[in-house]
Structures are given as structure tokens and as C-alpha cells.
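A short reminder: the numbers here are calculations on the coordinates, not readings from a lab. Everything numeric in this text was worked out from a predicted model, so none of it was measured. Cβ placement follows ideal geometry from the backbone for every residue including glycine, while neighbour counts extend to all protein chains displayed.
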Amino acid sequence: MKSTQYSEKVLDHFRNPRNVGTLEGEDVAVGTVGNPVCGDLMEFYIKVKDNRIEDIKFKTFGCGSAIATASMITELAKGKTVDEALKITRQDVADELNGLPPIKMHCSNLAADALKNAIKKYKEKQEPLSKQRIAPEEQKEIAGMKQFRGRGVYEEISDLSLFKDKRVMILERGERSIEIALKLTKLTPRVVFVTSEKQLRPGTMSEELVESSTKILYESELKEIRGLNTVEKVLMHDMNEDEEYELFVDSIVILRNE
Amino acid sequence: MSVYLDYQSSKPVDPRVIDAMLPYFHEKFGNPSSLHSVGDIATEILEESRSTIGRFIGADHDEVIFTSGATESNNHALIGYALRSRDKGNHIVISEIEHISIHNIAKYLERNGFVVSKIPVDQFGRVSVGKLAERVNGKTILVSIGYASDEIGTIQPISEIGKFCREKNIAFHSDIVAAEGLIPIDVNKENIDLLSMSSNDIYGPKGLGILYLRKGIRINPLIIGGGQEAGLRSGTENIPAIVGMKRAVEIMQQEMNAETKRFQHYRDRLIEETLTRVPRCYLNGHPTDRLPNNAHFRFDGIEGESLLLSFKEKNIEVSTGSACSSKTLEPSHTLIALGLLHEEAHGSLEITFGRFNKDGDVDAVLGVLPDIVSRLRKLSPLYKEEAKS
């Protein structure tokens with residue numbers, strides 16, 4: 001069976017997904033799940049009243065079955081108590097859709113997981129967290145930093161034209177790093193800005209950067225620089241998903257701390 | 001009738017090719033190995049076809065070996081050459097964006113004692129001779145770089161790579177499948193020593209290809225039997241398909257010039273209009289050094305398979321590098337090699353034009369593309385309306 005041979009019911013939910021959107025309010029909980037292998041991402045919004053899911057909405061970035069399963073599970077969960085909703089399995093979703101291609105079963109798994117995550121968030125809201133998580137701000141050593149200094153790694157910038165048409169990664173080091181990133185977008189189509197924060201500190205330049213073609217990697221850190229004689233790729237750490245992956249780049253700008 | 005825009009994946013056989021093939025199934029069914037006159041007819045057309053197809057790439061007729069297709073040719077070139085040259089060295093260089101068959105053959109060779117280096121490409125998908133030079137050493141026996149990328153359409157600096165390999169006395173193999181029939185190719189001008197070509201990619205039948213082997217380059221056979229194809233590739237020759245490929249080459253020689261101009265016109269219009277009409281949309285691959293029939297886009301915030309399905313609903317057949325549409329659920333290694341993140345590699349759309357496309361086909365795409373993208377973005381948690389550029 002091909003990965004895109006879907007049942008008519010799957011296609012119906014793909015064409016006309018139910019309950020797309022977001023919800024707001026005190027009684028709304030949001031669950032997010034991403035599948036790193038497939039790259040799918042789902043957000044579920046649930047509104048709970050008297051322990052029952054009164055309303056549910058979703059947004060998804062993913063393939064046809066990811067959209068269809070998300071849509072389907074909103075229909076299954078609406079009106080159920082949170083405990084009943086927790087029992088919905090990926091098989092239930094697939095069955096309701098008259099089956100899924102075997103290779104796509106993970107996508108419906110994602111919908112069930114995202115719903116569970118939203119319910120978990122709802123329950124957490126009911127009992128406020130006792131411990132506050134504090135992210136320690138420490139400067140970790142980047143492997144390969146010394147080896148590639150001057151061979152693709154720059155700690156100071158004197159001549160921007162060096163980066164023309166290069167894939168440049170720049171680590172957040174205050175205002176100046178944002179300023180340089182903005183200048184670089186005029187020289188090359190590929191600028192990747194890395195920050196360990198969830199969002200950039202507010203400011204006109206930050207806004208401009210978000211609007212620009214720069215690819216911003218939030219909650220990310222550079223772990224290792226790799227290459228033969230010069231920088232060729234990096235090992236990144238996605239702190240939110242706790243995942244590592246390689247990314248091909250030509251140059252890295254790591255300004256010395258201000 | 002749907003609008004077919006996935007010529008990179010498969011091409012229909014030209015009706016003129018089918019006409020040429022038909023007599024060889026029934027009337028002229030001989031085996032070239034037979035010594036009677038029915039066999040002689042087969043031998044004659046076999047050798048005539050070999051010469052015609054050889055001329056198409058600047059090769060002599062005795063440098064052409066018929067195979068079952070480009071995948072077999074790739075296997076034969078890499079494994080056959082590596083095994084034959086074991087005494088000289090054990091190192092092979094390919095690029096990060098080779099066709100999946102080359103990547104998997106390289107893995108197979110690694111399991112069997114060979115060492116493989118991969119050349120990273122720039123953000124447009126180009127291999128540089130500098131990066132190649134950094135990787136070759138005294139043990140390097142073979143370099144294999146595809147003429148152009150079947151996915152993103154980037155054309156490689158083949159002449160420069162060929163020249164470098166010749167100077168270093170390293171054999172150079174190129175898989176030309178993505179480029180054949182779109183770019184004139186000459187093995188002598190470009191210093192190619194081994195080359196893989198398929199019949200279907202010039203509108204011939206599937207199940208046939210050739211391996212070009214420069215005189216003096218020695219390889220081991222992979223398929224052993226009755227000693228056909230100078231002992232390098234046994235098995236009774238597939239004469240109807242060979243005749244088909246010969247006819248396909250003849251037609252291509254006549255029509256390639258005008259045809260590629262037409263594709264280029266479609267391509268340029270599609271790229272220009274799409275980049276203008278759709279916000280946060282990017283062209284993958286090289287802006288100018290790209291195949292005349294290839295347009296490859298990515299869109300922020302949406303996933304390729306949903307894009308493909310949406311086009312399918314509108315009776316337009318396109319392709320994507322999305323993992324969700326692949327057998328392994330891995331994103332395209334080519335897009336990752338460009339420096340894209342997984343989520344970006346997922347949002348790609350590949351459109352490839354071919355012989356039977358009409359002027360209206362570009363309009364068909366442009367008529368639905370902006371709406372499809374905006375509908376899928378409304379569903380997407382990754383795309384915020386206010387982030388529009």
C-alpha cells in the first residue's frame with residue numbers, strides 16, 4: 001500500500017477538516033506534540049467545563065493523514081469527559097477513518113498524543129506547580145570551536161562581504177548579533193539565527209529580524225562544529241524536544257560576549 | 001485528463017518509439033547470438049543501435065554496454081570498477097546529493113571494505129572542485145558525481161570535475177539520467193570515464209539503459225552468464241527495448257533544441273510568477289545553473305504531502321521531497337544537504353516539465369497554487385499570518 005493511498009473518509013477530513021483553529025481563555029489548555037522523524041507538528045486547544053471537553057480546536061503542520069487524524073480526534077473527543085478522552089487510542093482514530101496506510105500509523109499516534117498532552121496541561125493547571133523550573137544560564141563549550149577558528153568560525157566581523165552567498169549561522173549575543181544578522185540577509189539568502197530563548201527580546205530590530213528571511217532557531221544551542229578543513233556542518237541541540245540534528249552551514253558567527 | 005508535471009519520475013514512451021519497437025516483438029524476434037539469418041537481423045539492429053546511442057553522448061560504439069536501466073548501470077560502474085581496482089586503492093568520493101541508488105551502493109561498498117567520502121554542496125546544491133580536491137588521496141580510485149540533481153535541478157560543473165579527475169588519474173563516473181535529453185553531453189569534452197543513462201528519460205521504454213565505459217577502463221561483470229556485451233553483462237539482449245532507445249535518441253537529436261527552449265519558457269514563467277504571488281516561498285536549487293524543465297519550491301509552514309494531495313484533488317500531478325510521501329519517512333537528503341531544516345525540507349514542491357506539456361499547463365498550476373498554499377497555511381501552527389513578509 002502506498003503511503004498516500006487514503007480512504008475516502010481520510011480524504012474527506014483532509015478536504016474539510018473539522019474544528020480547525022485556536023481557543024482562548026482561562027479555561028483553555030494547549031497541548032503540542034511534534035514528531036521529529038516525520039517533522040509533523042500538532043497543536044490542540046481544549047476548553048473544559050465540569051470535567052467535560054466542551055470545545056476543541058486544532059492546528060497541524062503535516063501530511064494528509066496528520067490533518068485527517070487531528071480532525072477526526074476532535075470529533076471523537078468533543079463532549080467526552082477528560083478521562084474518557086484520555087482513553088482514545090491511535091487505533092480508535094484509524095478505525096474511525098476506515099484505516100490508514102501502515103506507514104502512516106505514527107501520524108494518528110500523534111493526534112492521540114497531542115490530545116493527551118492538552119489534557120495533561122489542563123490537569124496541571126488545576127493543581128499549580130509546586131516547583132518552579134529555573135533554566136541555568138551557562139556558557140557551554142562548543143566542540144570544534146578552536147579547530148575552526150578562522151576557518152569558517154568568526155568571533156569578530158570586519159568585512160561582511162566575506163559572507164556573500166554563504167550559509168551563515170549566527171548565535172545570539174545581544175543587540176549586535178541581531179544587527180549583523182539583519183545586514184547579512186542583504187548579502188546571502190541563508191541566515192540562521194540561534195537563540196536559547198523561546199522568543200527574542202522585544203525591540204525594533206528583533207521585530208525586523210522575525211519579519212526578514214532569517215531562519216530563527218528558538219530554544220536551540222550549537223553543540224559541535226564539523227567539517228574537513230573548513231566548517232561544513234554543525235550539530236544542533238533542540239532543547240525543547242531534546243533532540244540533536246545536523247545542519248549544513250558554511251560560516252558561523254559567534255561574537256565574544258559583550 | 002490530468003495535468004502531468006512529474007516528468008522527472010516517469011515519462012510516457014513516445015508513440016513513434018512504440019511504432020519502431022513493434023516489429024521486434026514478433027516479426028524480427030531473433031537472438032543476436034544465433035548464427036542463422038533471423039539472428040543476423042537482430043545482431044545488425046543491436047550494433048546499429050549501439051552506434052546511434054553512443055554518438056548521442058560522444059562515445060564509440062564499443063564503449064556502450066546495454067543494461068536494465070540506470071540503477072543497474074550505477075551498480076555496475078561503482079561495484080564493478082571498485083572490485084576491479086582493489087589493488088590500486090579503496091577510496092571512493094561521491095557528493096551529498098547523489099541519487100539514492102549511488103548513496104546505497106556506496107553504503108554497500110563501505111560494508112565490503114571500501115571507504116567513501118561525501119562532498120558537501122553549497123546552498124544552491126553545487127559541488128565544488130575545491131571540496132573534491134580536499135577529499136581525494138593516494139587511495140582514491142573513483143569519483144561519482146551526477147550530472148544534475150533529479151530533485152532540485154542544479155547542474156554540476158562536470159567539465160571541471162572531469163578535468164580534475166583526469167589530472168589526478170582517478171576514474172570519473174557520472175549518472176546523467178536527470179540531464180539526458182535536456183543538456184547536450186559529450187564524454188570526451190567533459191572527461192567522463194563511466195556514465196549511466198536510462199532509456200525512459202528520453203521517452204524510450206523502461207527497463208533499459210546503458211553504461212558507457214571509456215576504452216581502457218576495466219570493470220568486473222556483475223551479471224555472469226553467456227558472455228553477451230563483451231562478457232561484461234550477460235543475458236539475451238532486450239532487442240525491442242534497445243530499438244526503442246535508439247529511436248528515442250534519434251527523435252531527441254532532432255527535437256531537443258526546440259523542446260528545451262519551450263520548457264525553459266514554462267519554467268521561468270512558473271518560477272517568476274510563483275515567487276511573486278506566494279509570500280514566504282523560496283526556490284530550491286541554483287537560480288541559473290538548473291535544468292531547463294525543473295522548478296523546485298519550498299513554502300514556509302506547510303508540508304509537501306498535503307500540498308501534493310491538494311494538487312491531486314485539482315487533477316494536477318506534482319512531486320514533493322516530503323518525508324511523509326517517502327518509503328522511509330526520512331526527508332530528502334538532497335534538501336538537507338542544501339542546509340535546510342527538516343521542517344523546511346518537508347514543505348517542498350517539485351514541478352518538472354516534459355514533451356507532452358502544453359502552454360496552458362503553467363496557467364493550471366498558477367490558477368490553484370496560491371489558494372492551496374493559503375488554505376494549508378490556515379491549518380498550520382507554524383505559519384502565523386502576521387509573519388507574512
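One table, with the values for the structure above:
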read-out: Average beta carbon contacts from partner chains per residue of B:299-310, 10 Å cutoff; value: 5
read-out: Mean-position separation - Cα centroids, the range A:7-63 and the range A:202-239, in angstrom; value: 29
read-out: Among beta bridges that DSSP assigns inside the range A:110-258, antiparallel share in %, nearest 5; value: 50
read-out: Alpha-carbon Debye profile of the range B:69-207, log10 I(q)/I(0) at 0.12, 0.14 Å⁻¹; value: -0.42, -0.58
read-out: Exposure proxy order (Cβ contacts within 10 Å, fewest to most) of B:H333, B:H342, B:H76; value: B:H333, B:H342, B:H76
read-out: Cα-based shape type of the range B:220-336, given that a ≥ b ≥ c are square roots of the gyration tensor eigenvalues and the cut on a/c is 1.5; value: prolate
read-out: Pairwise FRET efficiency - A:M145 versus A:R52, Cβ, R0 = 51 Å, nearest 0.05; value: 0.40
read-out: Mean Cα-pair separation over length for chain B, i.e. relative contact order, pairs under 8 Å, 6 or more apart, %; value: 21
read-out: Calculated FRET efficiency for the pair A:K9/A:Q91, C-beta based, R₀ 22 Å, to 0.05; value: 0.90
read-out: Sequence-distant lysines (8 or more away, or on other chains) whose Cα lies within less than 27 Å of B:K312; value: A:K2, A:K9, A:K57, A:K59, A:K104, B:K11, B:K206, B:K327, B:K358, B:K378, B:K384, B:K388
read-out: Relative pair counts by distance (%), Cα atoms of the range A:153-253, 5 Å bins; value: 3, 13, 26, 24, 21, 10, 3, 0
read-out: Positive dipole terminus of the range A:153-253, leading residue within A:Y218, A:L235, A:F248 (C-beta point charges); value: A:F248
read-out: Compactness of the range B:1-145 - radius of gyration and Dmax, Cα, Å; value: 20.2, 59
read-out: HN-Hα J in Hz across the range A:59-74 - Karplus 6.51, -1.76, 1.60, θ = phi - 60°, x for Gly and Pro; value: 9, 9, 10, x, 6, x, 6, 5, 5, 5, 5, 5, 4, 4, 5, 5
read-out: Partner chain coverage, peptide B:333-342 - average Cβ within 10 angstrom; value: 4
read-out: Acute angle (nearest 10 degrees) that the helix B:158-168 long axis makes with the longest principal axis of chain B, alpha-carbon atoms; value: 50
read-out: Dipole of the range B:14-129, positive direction: furthest Cα of B:L78, B:I92, B:G58, with charges on the beta-carbon; value: B:I92
read-out: Cα-based convex hull, the range B:285-382, per residue volume (Å³, whole number); value: 113
read-out: Burial ordering of B:M1, A:M169, fewest other beta-carbon atoms within 10 Å first; value: B:M1, A:M169
read-out: The protein assembly as shown, dipole about Cα centre (Lys/Arg Cβ +1, Asp/Glu Cβ -1), debye to the nearest 20; value: 640
read-out: Degrees, to the nearest 10: A:174-184 long Cα axis against longest axis of chain A; value: 90
read-out: Two-site label geometry, B:L83 and B:L222: point separation in nm, points 7 Å out along Cα→Cβ; value: 1.0
read-out: Cα gyration tensor shape of chain B, rounded if a/c is under 1.5, else prolate or oblate by comparing a/b with b/c; value: oblate
read-out: Reference-scaled alpha-carbon Rg (2.2 N^0.38 Å with N residues) for the protein assembly as shown; value: 1.07
read-out: Two-site label geometry, B:E317 and B:F356: point separation in nm, points 7 Å out along Cα→Cβ; value: 0.8
read-out: Long-range amide H partners of B:T154 with built H, under 5 Å; value: B:S149, B:H286, B:L291
read-out: Share antiparallel - DSSP beta bridges, the protein assembly as shown, percent rounded to 5; value: 60
read-out: Values of log10 I(q)/I(0), in the order q = 0.09 Å⁻¹, for the range A:8-126 under a Debye, Cα-only, solvent-free model; value: -0.20
read-out: Cβ-derived FRET efficiency at R0 30 Å, A:E219 paired with B:V368, nearest 0.05; value: 0.25
read-out: Set A:K164/A:K198; A:K146/A:K183; B:K28/B:K246 screened for pairs whose C-alpha atoms are more than 23 Å apart; value: A:K164/A:K198; A:K146/A:K183
read-out: Degrees separating the helix B:100-111 axis from the principal Cα axis of chain B, which is the longest one; value: 60
read-out: Assigned charges on the beta-carbon of Lys, Arg, Asp, Glu; the range A:153-253 dipole about Cα centre (debye); value: 460
read-out: Ranked packing of A:194-205, B:295-306, B:241-252, most packed first, by mean Cβ within 10 Å; value: B:295-306, B:241-252, A:194-205
read-out: Bridge type composition, chain A - antiparallel percent by DSSP, nearest 5; value: 65
